[in-house]
1. For A:Asp24, what residues show an amide H to amide H distance below 5 Å, using hydrogens built from the backbone and excluding near sequence neighbours?
2. Of the options B:Val110, B:Leu258, B:Val204, report the single residue whose Cα projects farthest towards the positive end of the charge dipole of chain B (beta-carbon charges: Lys, Arg +1; Asp, Glu -1).
3. If you place +1 on the Cβ of every Lys and Arg and -1 on the Cβ of every Asp and Glu, how big does the dipole about the Cα centre of the protein assembly as shown come out, in debye to the nearest 20?
4. Mind checking the log10 I(q)/I(0) for the protein assembly as shown at q = 0.05, 0.11 Å⁻¹? Debye, one equal scatterer per Cα, no solvent, two decimals.
5. Ratio of chain A's C-alpha Rg to 2.2 N^0.38 Å, to two decimals?
6. Ratio of the range A:10-108's C-alpha Rg to 2.2 N^0.38 Å, to two decimals?
7. Hey, got the dipole for the range A:35-129? About the Cα centre, +1 on K and R Cβ, -1 on D and E Cβ, debye to the nearest 20?
8. Take every residue in peptide A:2-14, count the Cβ atoms of other chains within 10 Å of its Cβ, and give the average of those counts.
Number of protein chains: 2
Amino acid sequence: VPVGPGDDCAVIRLGRVKVLLTTDMLIEGRHFRRDWMSPEEIGAKAMLVNLSDIAAMGGDPRFALLSVGLPRSFSVSEADRLFRGMREVARKNGVTIVGGDTNAADRLIVNVTLIGEATAGRVLTRSGAREGDFIYVTGTLGDAALALRARRHRLPPCRIKIGKKLARDRRVHSLIDLSDGLAGDLRHILEASGVGAEIDRGAVPVSPGFLEGAKRLGLDPDRLKLAGGEDYELLFTASPPLPSKIDGVPITKIGTILPKRFGLRWIDSQGRRYSKKIYGFRHF
Amino acid sequence: VPVGPGDDCAVIRLGRVKVLLTTDMLIEGRHFRRDWMSPEEIGAKAMLVNLSDIAAMGGDPRFALLSVGLPRSFSVSEADRLFRGMREVARKNGVTIVGGDTNAADRLIVNVTLIGEATAGRVLTRSGAREGDFIYVTGTLGDAALALRARRHRLPPCRIKIGKKLARDRRVHSLIDLSDGLAGDLRHILEASGVGAEIDRGAVPVSPGFLEGAKRLGLDPDRLKLAGGEDYELLFTASPPLPSKIDGVPITKIGTILPKRFGLRWIDSQGRRYSKKIYGFRHF
């Protein structure tokens, strides 16, 4: 097993193919609320969070297996809409749904297993970051956490194409997807790679209207964007220069990989460096 | 995709390898009761029912992914015992657990995805039965259904080795595992293969003490053994002769594949042929 538990996907070899495997279970009331999301959106989200794990290794998703637990309160038409949401996202990403298991349950449970292949034989893990690498993120951070605080769910973006381009680029050394929030997921890279890092808080990209939205809800925008979670953007380290966009999505430099002894430190708007653990929000 | 949804496993090609994929979700109160089974047994069962799907294609199980929902009432030690049950069965069958996903849940949920390889490049499906084939089962039937009626769970047997031997034997034409009961699962072979069959009810093998046990509980032993479900033995069709044991497990001839127009018919103890739909038990 080239990569076992602890990275975004497991990597196994079958014949000459490096195969990526990942599984994620979404449980009603824990990972989503049915009154905040349509059945199509729940299905789409279940597929997208698994696709994000494949993107986080630069992989090419190929096949999906579904296991679903359907509550009695779920109508046949709602179940159809759930599966339609999954099929639609699968189709757009070249994924064939090859099987599954449907059960009765008390609450809606959706488990997706994805099988992918390494792009050009290369797998980008959390452990390849090197001193002097720049640290980049795709898209904008904090939007999903802000939406949750406004009692809405935001569908994860799909970064498969970007992940595959990164896997083909030898300047890129490590990669992870942002599910727990920047601060937490960056620590996974630092620990796996045995390095430290500094992040310029002001450089972390946010979407138009994000600051105003956070202010309206009385929330700290920094905590939302640095530790909010569920961004499902890609965080990666590379030796520059990189393009400012890949596949039409902005790529932003937010920091630098340092020797391990620096740990994780932040740069504030006055250019001061400091170390402080940043905790995330609890969503429910 | 060589075999899509509708057989025991999906079969995909990755490079030159035929890969078998299966997933099964066990939900507390639907598939097991915690007061009838230890955590180790629940873990073992979750792995064994998935192994049975690989055995049902004659495959070689290689890797497993686990998704688990743990209720608050489940202690850390119980969770350890659950995983120990899964690991033990995986280890005995040459399966490497490569990853997983652990969540909080209201009820215990265990989802296993297994990845296997075809044995000697051959996959035994439900659709290969030929007129004149004899119909065989491994082991004995009805024990699991009887145990459930006595408010106990019986762990499924593991028929991986037998399945692999059957895949290497060109006399064997079709294969399925018995999860829903003989009558129901045989119909899957008949429909997929476009054939009929007759089954000698008296030939269907039962374990010592089975008839007495059924009598004690006031249950119809024929219904238990023909439609009880959860046997997880193998049902297959082959051109004779076959050995009376494979891997130490008795192999019993119970009937013959006929032209499609005969449907599924039974032979009673007086040698009379009749057609009648046999319904299973509901376990909870």
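The values are calculated or read from the model by the stated rules, or taken from the named source; none is laboratory data. All figures in this text were calculated on a predicted structure; none of them were measured in a lab. Glycine also receives a Cβ, built like all others from the backbone with ideal geometry; neighbour counts cover every protein chain displayed. These area figures cover heavy atoms from the full protein model, side chains too; ligands, DNA and RNA do not enter into them. Shrake-Rupley method; radii C 1.70, N 1.55, O 1.52, S 1.80 Å.
1. For A:Asp24, the qualifying residues are A:Val112.
2. Highest projection toward the positive end goes to B:Leu258.
3. 460 debye
4. Scattering profile of the protein assembly as shown, log10 relative to I(0): -0.25, -0.99.
5. Against the empirical 2.2 N^0.38 Å value, I get 1.00 for chain A.
6. 1.13
7. The calculated dipole for the range A:35-129 is roughly 220 debye.
8. Per-residue shielding by partner chains comes out at 4.
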